[in-house]
Structures are given as structure tokens and as C-alpha cells.
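See structure below.
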Amino acid sequence: MNRSIKHLIEITIAFVTILFLLAITFFTWRFVSNIHPIPKSNTATPNTNNPASNPNVDPGASLGNKMAPNFTLTNQFGKSISLKNYRGKIVVLTFIDSKCTTVCPLTAVVLKNLMYDLGPYRKNVQLVAVNANPIATKVKDVYDWSSSHGMLHEWQYLTGPTDSLQNVWKNYYVSSQILHGNLVEHIAAVFVIDAKGHEKWLYLNSTDPQASTISAQVQEIENHIAPLLPGHVSPSQFAPARQLEYLPSSLGPSSAVDRAFTLPTLFPNKSGLPTTRNISIGHTGHSTLLEFFATWCPDCQMETPTLQKYAQWTKRHPTWPTLFAVDLRQSEPSTLHVKQYMVTNHLQYPVALDATGSVSDLYGITGIPTQVLVSGTGHILWYHQGLISFSNLTSNLQANMSKGLSK
């Protein structure tokens, strides 16, 4: 009986704590919004990636011209870093729980896409993250999180003693609470600070992992960064959001649908440019591994060594799925460009050209890279969005190859 009462008390405390945090989040947001009204946009386009048409995207709250509180913490490489070190640059400041697996990876994805889309203007912007976990505060904790989410060399992820972190959270109205054990809840805030150190914008990042939401949030931040850049840059000068990144997932389209297709395919040629012939995927009696990519995609380039290794692997293990990359040809300058990319990067696997986007649509591709295991009858056996290591790739293929026997 005593154990039951104790358990009930623990559950009640956890519930009340969650309600308390939600209340803090709401009133902090109302406080900021009331002091600094959100400017309304005069333009809107019927585009799902347009922030104005996406209810999951925070349009941001204007913070006026208040000086951003300075702080000094330690980055993921053990180096002491102060916020004021970045005067002269626009700082995008966020708060990341070093053990988070939910909204924090989405925030990192938004920031990574932001820097990519800024193109040459990224030299004027610095990403800074502050650890929002009061328990996992070691340099190794922020190093490991950065490394596992592809952000190791993309930002300064800062940590320090819990009391130092709490001072920063307090100065930026960011609450962080231990709910139970090692479970931490915090406000997913993103601040834009101008080159003179003034707070300009605040966003509460969405928990929606859809590529359209991520793309729209990136665009919203870009729109507010543009006027702060030297030379009064227009957002139209940035590259269109290409939805490179999203929260890695194994959820994909239904496996019940026959997704066989035929595309012109480039094959490596030791004596020159790749040769071309049509190839059919599905209805072949042999499973196939598809890699949806584009030559301009940084993460696709990062994944190339994994695919090269797998292509070599299949030569020694011919019963494993054959690898075919599927290039989003409609986003490339030309077919010749793709051929030259294959030669320059010594690709050892064929590249199918999806010139119309019909195959990408058939497989529900919303971002790249995406890997899909297809049965010999054209059905999806396994689906993965995002970067993947060789060991994870082969273990997932091995776990799902046998499904093809029943498809």
C-alpha cells in the first residue's frame, strides 16, 4: 500500500511539474510578445513552405534592441568561449539538451539548413548553442551530441558548471527542469542577435519533423537575418530552401504498393564518362538498395564513402541488395554535370536519373539523403531518412532482406 501511495505521489509531482513548465513557457512567450509585438507580413504566397501558411511555424517575436547578456562557457573542444567574441557577426543562439532526442535534433536541423541556404553570407553568421541539461554538463556530453547529429564543426556548443548554465538560462528566460531521473524538459528557444550584440528576434522551435515545416522555419529566420547582414541583403538572394535535412526516421510509404520503375541510368566507365542505359527496379527477383540524392547536397557527399564501401562489399557478397543511386536530376544543372560528378568522385555504383521527379514522388521523398530497400517485386522493405553509417546500413539491410522472400 505504501509503495502504491509513493508511486502515486511521484506521478502527481511529475504531472504538476509538466503543467508548471508549460505555464512558464506560455507566460514567457506572452511576456515577450506583449512587449515586442510581432510585425505582420504584408505578403503571402500559397506555398506549403511559406511560413505564413504553416501553422506549425513560429513567426518570431521582435526583441527590439536590448543588449544580449554576455556569458563565458566551454565549447565542445574544451575551449573557453564568450558570446562577445562574436561581435561583428550575427549570432543565432539556441539551447540544446545534451541528451535530447526529440525537439533538439529538429532545432539542429533547422540551424544546419539555415547555414547551408545562406550560402556565401554564412561567413557573417555564427551558430551558438548552450547546454540546457543540468546533469549532463561535461565537455564530452556536448561533443558527443554534436558529433552524433552532424554538428561537430557547425557551431559552438557550450557547457559549464550547472550554476553557470543556470545563470545563462535565467538571463535568456529559458527554463530547464529535471522531470524525473535524467529526463529534462526545457524551452526550445532560438535567438537572433545582431552584429553589435543586440537581441533582435526570438523563436520557439516547432516539434513538427515534416520537411515542409523545417523549410518554412528556416525561411522565417532567413527573412529576419537578411536585413541585419552588411549591405542590406534581400532574402531573395539566398538559395531556395532545399530541405536537405530532417529528423532521421524509419517511417516511409506503405510497403503494400508496387513501386517498380524504369529510368535511364549512368554506369561507371573506367575509360571516360559514364555510359547510359535504361534499368528497371522491381520485378527483377532480386532486392535493390536505392539511395536518393543530389550532387549539391552536403550530407549526400558526406555519405558517399559509406556507399562506396557498400558497393565494394556487394562484390564480395553478391546475394546482398544491389546499390543504385537515384539522382534528383531536375535539381541539377545538366546530365553532363552528374556524369562529371561521378568521375570526379570515382563513384563505383550506377546513378539513375529522375528527370521529372516522378520516382521521387513514387517513393515519398521529402528530403535527401534517403535510403530505401526494395524487394524483387517492387515493394518497400525498409526506409531510412538521413545520414547512415556503414554498420547501421548493413545491419538494417540484414534485418529486412528476408522480408523480400514474402513480397
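The values are calculated or read from the model by the stated rules, or taken from the named source; none is laboratory data. Nothing here was measured: the structure is a model prediction, and the numbers come from that model. With ideal geometry, Cβ positions are generated from the backbone for all residues, glycine too; neighbour counts draw on all protein chains shown.
Annotations
- Residue identified as in a helix (DSSP H, G or I) and at pLDDT 85 or above among LEU158, LEU202, LEU152, LEU165: LEU165
- Region 360-396: number of residues that are at pLDDT below 90 and part of a helix (DSSP H, G or I): 3
- Any chance TYR349 is within 29 Å of LYS112 (Cα to Cα) and assigned to a helix (DSSP H, G or I): no
- Any hit, region 135-149, residues being crowded, with 22+ Cβ neighbours inside 10 Å, aliphatic (A, V, I, L, M) and at pLDDT 85 or above: yes
- Scanning region 283-304 for residues that are in a loop (DSSP other than H, G, I, E, B) and surrounded by 19 or more Cβ atoms within 10 Å (Cβ to Cβ) gives SER287, ALA294, THR295, CYS297.
- Total residues in region 350-360, condition surrounded by fewer than 19 Cβ atoms within 10 Å (Cβ to Cβ) and either touching a helix residue (DSSP H, G or I) at 6+ places or on another chain (Cβ under 7 Å) or of a type in the set (D, E, K, R) (or both): 3
- For VAL128, the stated conditions do not hold, so it cannot be described as part of a helix (DSSP H, G or I), in the same structural domain as GLN219 (by TED's automatic domain parsing) and under 19 Å from VAL174 (Cβ atoms).
- When residues in region 259-282 are screened for being surrounded by 16 or more Cβ atoms within 10 Å (Cβ to Cβ) and part of a loop (DSSP other than H, G, I, E, B), 5 of them pass.
- Count of residues meeting criterion [among the hydrophobic types (A, V, I, L, M, F, W, C), under 25 Å from ARG259 (Cα atoms) and under 20 Å from the mean Cα position of the chain (by Cα)] in region 298-328: 2
- In region 75-111, of all residues being more than 24 Å from the chain's Cα centre (by Cα) and not small (Gly, Ala, Ser), the one that is farthest from ARG122 (Cα to Cα) corresponds to LYS79.
- Candidate set from region 315-349 (those that are within 19 Å of VAL372 (Cβ to Cβ) and small (Gly, Ala, Ser)); member that is surrounded by the most Cβ atoms within 10 Å (Cβ to Cβ): ALA325
- Of the numbered criteria (1) over 29 Å from GLU303 (Cβ atoms); (2) in contact with a helix residue (DSSP H, G or I) (Cβ under 7 Å, 6 or more places away or on another chain); (3) of a type in the set (Ser, Thr, Tyr); (4) modelled with pLDDT of 95 or more, the one SER175 fails is (4).
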